Amino acid sequence: MMNTATLQPATPETVWAMLQENARQMQETDRRMQETDRIMKELQKQFGGMAKNQGDFAEEYFFNSFEKGRTNFFGEKFDIIKKKVTSVWQGVEDEYDIVLYNHASVAIIEVKYKAHKNDIPDVLKKAETFKILYPYYKDFKIYLGLASMSFFPELEEECIKEGIAVIKQVGDTVVINDKHLKVF
């Protein structure tokens with residue numbers, strides 16, 4: 001059966017009504033998008049805060065472990081330990097989560113709550129930026145370590161291959177694998 005409904009010709013009033021309805025729908029869509037943006041920003045803020053809290057927890061955990069007499073590693077005794085060391089000089093800027101010092105060596109420990117393979121280039125870069133930002137230590141032995149509450153086996157293997165110490169939580173203790181450590 002054929003639909004015999006006929007189309008009515010458009011009048012200025014019907015066109016105006018359609019334009020007004022379209023404008024109303026666009027305003028409603030815009031309002032919903034603004035609300036979605038607001039919700040997304042709030043979620044990002046909350047998740048960012050949680051990630052920062054986890055990172056702060058990991059840094060404090062490892063710092064306290066090193067500070068409580070666990071400064072004998074990398075085959076050396078370190079006399080000074082500092083956290084959140086930052087510097088800017090000649091366009092170079094960096095932050096070092098934990099730095100240990102003695103008369104001839106510096107150990108730079110990057111701390112992550114949950115480390116990933118893509119963290120390794122950042123850890124390696126720490127030795128370069130440290131020598132630029134702190135020229136006094138340019139002739140010191142620089143050791144690198146990656147400390148994390150959780151390590152994937154592949155990440156441990158990659159750290160060992162690169163000469164970076166693996167520092168991880170195992171139960172209530174901190175375990176350090178520095179057998180293949182390189183001097184940077």
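The values are calculated or read from the model by the stated rules, or taken from the named source; none is laboratory data. All of these numbers come straight from a predicted model, not from anything done at the bench. FYI the Cβ positions are ideal-geometry reconstructions off the backbone, even for glycines, and counts take in every protein chain you see.
Residues in region 167-184 that are over 14 Å from F151 (Cβ atoms) and basic (K, R) were compared, and the one that is nearest to the chain's Cα centre (by Cα) is K182. Residues that are in a strand (DSSP E or B), over 18 Å from K83 (Cα atoms) and polar (S, T, N, Q) within region 123-170 comprise just one, Q169. For A10, the stated conditions hold: it is modelled with pLDDT of 75 or more, out of contact with any Leu (no Cβ under 7 Å at 6 or more places or on another chain), farther than 30 Å from G145 by Cα and of a type in the set (G, A, S).
Residues in region 110-131 that are modelled with pLDDT under 95 and of a type in the set (F, W, Y): Y113 alone. Taking each residue of region 84-95 that is more than 10 Å from T129 (Cα to Cα) and looking for partners that are among the acidic types (D, E) and assigned to a strand (DSSP E or B) with beta-carbon atoms closer than 8 Å, six or more apart or interchain, yields K84/E95; K84/D97; V85/E95; T86/E93; T86/D94; T86/E95. The C-beta contact set for region 143-162 (first residue at negative phi and modelled with pLDDT under 90, second residue part of a strand (DSSP E or B) and not polar (S, T, N, Q), distance under 6 angstrom, 6+ apart or interchain) comprises F151/K168.
Please indicate, with yes or no, whether at least one residue in region 97-109 is farther than 16 Å from T86 by Cα, modelled with pLDDT under 95, out of contact with any Lys or Arg (no Cβ under 9 Å at 6 or more places or on another chain) and not hydrophobic (A, V, I, L, M, F, W, C). Scanning region 97-109 turns up at least one residue that is farther than 16 Å from T86 by Cα, modelled with pLDDT under 95, out of contact with any Lys or Arg (no Cβ under 9 Å at 6 or more places or on another chain) and not hydrophobic (A, V, I, L, M, F, W, C). Of everything in region 85-122 that is of a type in the set (S, T, Y) and either within 14 Å of the chain's Cα centre (by Cα) or outside any strand (DSSP E or B) (or both), the residue that is surrounded by the fewest Cβ atoms within 10 Å (Cβ to Cβ) is Y113. Just so you know, in region 125-159 the residues that are surrounded by fewer than 16 Cβ atoms within 10 Å (Cβ to Cβ) and of a type in the set (F, W, Y) include one that is farthest from G91 (Cα to Cα), and it is F152.
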